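J.: Here it is, the structure, as structure tokens.
The values are calculated or read from the model by the stated rules, or taken from the named source; none is laboratory data. What you are looking at is a predicted structure, and each value in this text was computed from that prediction instead of being measured. Don't worry about glycine lacking a Cβ; one is built from the backbone with ideal geometry, like all the others, and counts go over all protein chains shown.
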């Protein structure tokens with residue numbers, strides 16, 4: 001089993017030293033879901049919401065959050081991001097959010113992709129909460145990562161329906 005990398009020998013937390021690691025292209029894709037009742041889905045489809053288009057605002061919020069990941073997660077390195085794409089998709093019982101992030105750097109962008117999805121999901125919730133506060137943010141996961149020493153990771157497909 002791999003060991004945790006953000007700890008020193010005596011247990012103190014530490015930012016990982018990536019100085020000697022080679023600069024490579026790193027990509028990560030994450031996904032999340034905002035589950036909502038039919039009335040909220042109807043309002044989204046008809047774009048009848050008081051604050052504007054939640055899906056477009058969520059997309060922009062996700063992109064902005066990706067760029068600030070090192071401020072959200074204390075031991076993350078600030079990275080020279082080369083591409084960010086956050087998408088939203090209406091499904092039968094909610095909104096699926098996907099974030100794809102790329103950088104040419106010494107460390108990966110998994111946290112950036114996950115932060116982008118999280119911020120976008122929170123924004124969907126914020127923009128729709130007037131209609132229903134019982135919405136659920138679920139299934140925030142890393143789908144794929146490429147680049148770096150640990151190689152390619154691809155999450156196995158789940159059998160959930162959207």
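J.: Given the conditions (1) in contact with a helix residue (DSSP H, G or I) (Cβ under 7 Å, 6 or more places away or on another chain); (2) in contact (Cβ under 8 Å) with a residue 24 or more places away in the chain, report the number of the one that residue 78 does not fulfil.
T.: All conditions pass for residue 78, except number (2).
J.: Among the numbered criteria (1) out of contact with any strand residue (DSSP E or B) (no Cβ under 6 Å at 6 or more places or on another chain); (2) touching a residue at least 12 places away in the same chain (Cβ under 8 Å); (3) over 16 Å from residue 89 (Cα atoms), which one does residue 110 miss?
T.: All conditions pass for residue 110, except number (1).
J.: Can you tell me which residue among 58, 65 is modelled with pLDDT of 95 or more, buried (at least 16 other Cβ atoms within 10 Å of the Cβ), within 14 Å of residue 122 (Cα to Cα) and out of contact with any strand residue (DSSP E or B) (no Cβ under 8 Å at 6 or more places or on another chain)? If you could, list the steps in order and put the result at the bottom.
T.: Working: 58 fails: out of contact with any strand residue (DSSP E or B) (no Cβ under 8 Å at 6 or more places or on another chain).
65 is the lone residue from the list that is modelled with pLDDT of 95 or more, buried (at least 16 other Cβ atoms within 10 Å of the Cβ), within 14 Å of residue 122 (Cα to Cα) and out of contact with any strand residue (DSSP E or B) (no Cβ under 8 Å at 6 or more places or on another chain).
J.: For the condition over 19 Å from residue 22 (Cβ atoms), modelled with pLDDT of 95 or more and outside any strand (DSSP E or B), what is the one hit in 98, 138, 88, 123?
T.: On the way: 98 fails: outside any strand (DSSP E or B); 138 fails: outside any strand (DSSP E or B); 88 fails: outside any strand (DSSP E or B).
Of the residues listed, the single one that is over 19 Å from residue 22 (Cβ atoms), modelled with pLDDT of 95 or more and outside any strand (DSSP E or B) is 123.
J.: Here's a follow-up. Hey, can you tell me all the residues within the range 120-162 that are out of contact with any strand residue (DSSP E or B) (no Cβ under 7 Å at 6 or more places or on another chain) and closer than 24 Å to residue 25 by Cα?
T.: Result: 149, 150, 151, 156.
J.: Out of 4, 75, 79, I need the residue that is part of a loop (DSSP other than H, G, I, E, B), modelled with pLDDT under 95, more than 30 Å from residue 133 (Cα to Cα) and under 19 Å from the mean Cα position of the chain (by Cα). Which one? Working first, answer last.
T.: Working: 4 fails: under 19 Å from the mean Cα position of the chain (by Cα); 79 fails: modelled with pLDDT under 95.
Checking each option against the conditions leaves just 75.
J.: Run residue 113 past the list (1) more than 21 Å from residue 154 (Cβ to Cβ); (2) surrounded by 14 or more Cβ atoms within 10 Å (Cβ to Cβ); (3) at pLDDT 95 or above and report the number of the one that doesn't hold.
T.: (1)
J.: Taking the condition of being surrounded by fewer than 18 Cβ atoms within 10 Å (Cβ to Cβ) and under 18 Å from residue 122 (Cβ atoms), how many residues in the range 19-49 meet it?
T.: 2
J.: Give the residues of the range 84-103 that are free of Cβ contacts under 8 Å to residues at least 40 places away in the same chain and either exposed (fewer than 14 other Cβ atoms within 10 Å of the Cβ) or over 11 Å from the mean Cα position of the chain (by Cα) (or both), sorted by residue number. Quick ask: steps written out before the conclusion?
T.: First, the residues of the range 84-103 that are free of Cβ contacts under 8 Å to residues at least 40 places away in the same chain: 84-89.
The answer is 88, 89.
J.: Based on what the data block shows, is residue 65 free of Cβ contacts under 8 Å to residues at least 60 places away in the same chain and either closer than 19 Å to residue 119 by Cβ or in a strand (DSSP E or B) (or both)?
T.: yes
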